[in-house]
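Right, one structure below, let's go through it.
The values are calculated or read from the model by the stated rules, or taken from the named source; none is laboratory data. The structure displayed is predicted, hence computed values, not measured ones. No Cβ is skipped: glycine too gets one built from the backbone with ideal geometry, and neighbour counts run over all protein chains shown. Protein only, heavy atoms only, side chains kept; ligands, DNA and RNA dropped before computing areas. Shrake-Rupley method; radii C 1.70, N 1.55, O 1.52, S 1.80 Å.
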Amino acid sequence: MTILRVGVLALQGDVQEHLLAVRGCGAEASTVRTGDELESVDALILPGGESTTMSRLLKVFDLEMPLRERLADGMPTLSTCAGLILMSREVLDGRPDQIALGILDVSVRRNGYGRQVESFEADIPIAPLGVAPFRAVFIRAPLIEEAGPDADVIASFGDNPVAVAQGAHIGLCFHPEMTDDLRLHQLFLERAAASLEVSAA
Amino acid sequence: MTSDKTSSNGHEPHTGGVRVKRGLAEMLKGGVIMDVVTPEQAKIAEDAGAVAVMALERVPSDIRRDGGVARMSDVGLIKEIIAAVTIPVMAKARIGHFVEAQVLQSLGVDYIDESEVLTPADEEYHIDKWQFDVPFVCGARDLGEALRRIGEGAAMIRTKGEAGTGNVVEAVRHMRAVQGGIRRIASMRPEELMAEAKHLGAPFDLVQEIHRTGKLPVVNFSAGGIATPADAALMMQLGCEGNFVGSGIFKSTDPEAYAKAIVAATTYFDKPEVIAEVSAGLGKAMPGLDVASMPAGELLATRGW
């Protein structure tokens, strides 16, 4: 059985933390900054960072169309924070030139939890992970204003969803890569491997 | 951890902790933070792909030219810049001026730079940064200075370079000093660490942490003299995690083009063909200064310790 090759979109952001998390789960991980690198991976992580910066670099370096094509072909993704914004159907308060890839059936508001002094951590239960809560780190996080029927809300904080699953995609407002808890990366790898019929590690 | 202001467990949201402070810097990695002096410049920076802007009244080369006392920027200007962009906004406080820092925190800036570019308010003590919910970035010339600032609560380090010169030589010197210091500690035997902490004037627990992890506990950007896409890529290849660019953008002949090119060169720092492509037809970089011939009194990097 072939082994799952996971890419981390490395235009900007906390790429290293995701590489370490995936490797910590025993899977292979590499960075993706070019069309060839995108072609060489089975699944993609869109990390935290600034969504405006990533949007611009995706366009300028001709990665947007290849990325859209891979997503249309069913490439599994894990997206965190800025990555979630890129993967969403609609970005409220975004910039007009901002990319919304339209894969996750969610409408997000950039910086919806406020400025940096309001960034926070909290223990939240995440349905597929069982009883033990997950320490979720929110940094100038996007707010999911609305999750449509295609998105399965797997965690909420207060009145809003903070984690959604949709087919082989997982989208998170927070940063599992900033903790030592690998359960969400593990869940992503299992679902990605199942959808592609390859081995996770 | 040296001393976090607060700690909590459970369902109550916990703000102002070490993880979210250092975490924002993690999100800026691989990016460029640009000095801006007007809301219009802030928008140009955001359009060009900056990950954050530094709101200032004057860029360092103008501060250098004008002389006098350089202070925290006008509050109205900082508010206008915060309103103009969606990316994080940083602002500078004078070294040791904790009231300027309190004011900046109350304005909602996302990061405070306790900066040698402004005239120091205290020549002996830096700000006790643990007392704040907003994170701080501080300058350093070598590993000891970086670890002293982290010990005081800095959540991000930038090597100082020599701001406002358009000359990358000091940025290179300081980045090499920090990276070399880390490699040295990583290769030591455990019994050598206390002597090294004494030699560096650095907190022992942070020296031990570097010995264990082989890296700084916070993100390290470069700053002070980066004027071209090749400069930005050089600093990345030397091991920094992103770049602050001050006068280099808005003192060039085509700021928009320089901003875009420096962003691209920071992402594709190890791809010379990309750096060549984005460097073509850029116009003139900012005029540079020879740091070696500058009188000691004009050096900004020697402010703070």
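Some observations on this one:
- With all pairs of separate Cα atoms included, region B:201-305 yields a Kirkwood hydrodynamic radius of 15.7 Å.
- Using bins of 5 Å that start at zero, the share of Cα-Cα pairs per bin across region A:88-132 amounts to 5, 17, 16, 16, 18, 19, 7, 2, 0, in whole %.
- Each peptide in A:146-153, B:166-173 was scored by the mean count of other Cβ atoms within 10 Å over its residues; highest first, the order is B:166-173, A:146-153.
- Förster radius 51 Å - calculated FRET efficiency between B:Asp66 and A:Ala127, Cβ distance, rounded to 0.05: 0.30
- Cross-link table B:Lys79/B:Lys260; B:Lys129/B:Lys215; B:Lys21/B:Lys284, entries beyond 32 Å C-alpha to C-alpha: B:Lys21/B:Lys284
- Mean per-residue shielding of peptide A:10-21 is 4, counting Cβ atoms of other chains within 10 Å of each Cβ.
- Ranking B:Trp305, B:Trp130 from most to least accessible surface, computed with a 1.4 Å probe over the protein chains only, gives B:Trp305, B:Trp130.
- Heavy-atom accessible area, probed at 1.4 angstrom with all protein chains present, ranks A:Ser40, B:Ser73 as A:Ser40, B:Ser73, highest first.
- Three-way shape call for region A:155-201 based on the alpha-carbon gyration tensor, with the a/c threshold at 1.5: oblate
- Stokes-Einstein D for region A:1-70, Kirkwood Rh over Cα pairs, 25 °C, 0.890 mPa s (µm²/s): 199 µm²/s
- Amide H contacts of A:Glu145 (H built 1.01 Å from N, under 5 Å, at least 5 apart or other chain): A:Ser107, A:Val108, A:Arg109
- Rg/Rh ratio calculated on Cα atoms of chain A (Kirkwood radius): 0.93
- Calculated FRET value between B:Gln208 and A:Arg183, using beta carbons and R₀ = 25 Å, to 0.05: 0.25
- Values of log10 I(q)/I(0), in the order q = 0.07, 0.08, 0.09 Å⁻¹, for the protein assembly as shown under a Debye, Cα-only, solvent-free model: -0.35, -0.46, -0.59
- Amide proton proximity set for A:Ile45, modelled H, under 5 Å, gap of 5+: A:Gly7, A:Val8, A:Leu9, A:Leu78
- Cα centroid separation - region B:219-278 against region A:31-79, whole Å: 22 Å
- Anisotropy class assigned to chain B is rounded, per the alpha carbon gyration tensor with a/c under the 1.5 cut-off.
- The residues neighbouring B:Ala177, those whose beta-carbon lies less than 15 Å from its own, together hold a net charge of +4 under the Lys/Arg +1, Asp/Glu -1 convention.
- Across region B:101-166, the volume of the C-alpha convex hull divided among the residues equals 100 Å³ per residue.
- Solvent-accessible surface (1.4 angstrom probe) belonging to B:Tyr125, in square angstrom, nearest 10: 140 Å²
- Across A:Thr77, B:Thr38, B:Thr213, the residue with the most accessible area heads the list, and the full order at a 1.4 Å probe is B:Thr213, B:Thr38, A:Thr77.
- Computed helical MRE - 222 nm, chain B, DSSP H runs ≥ 4 contributing -39500 (n - 2.57), nearest 500: -12000 deg cm²/dmol
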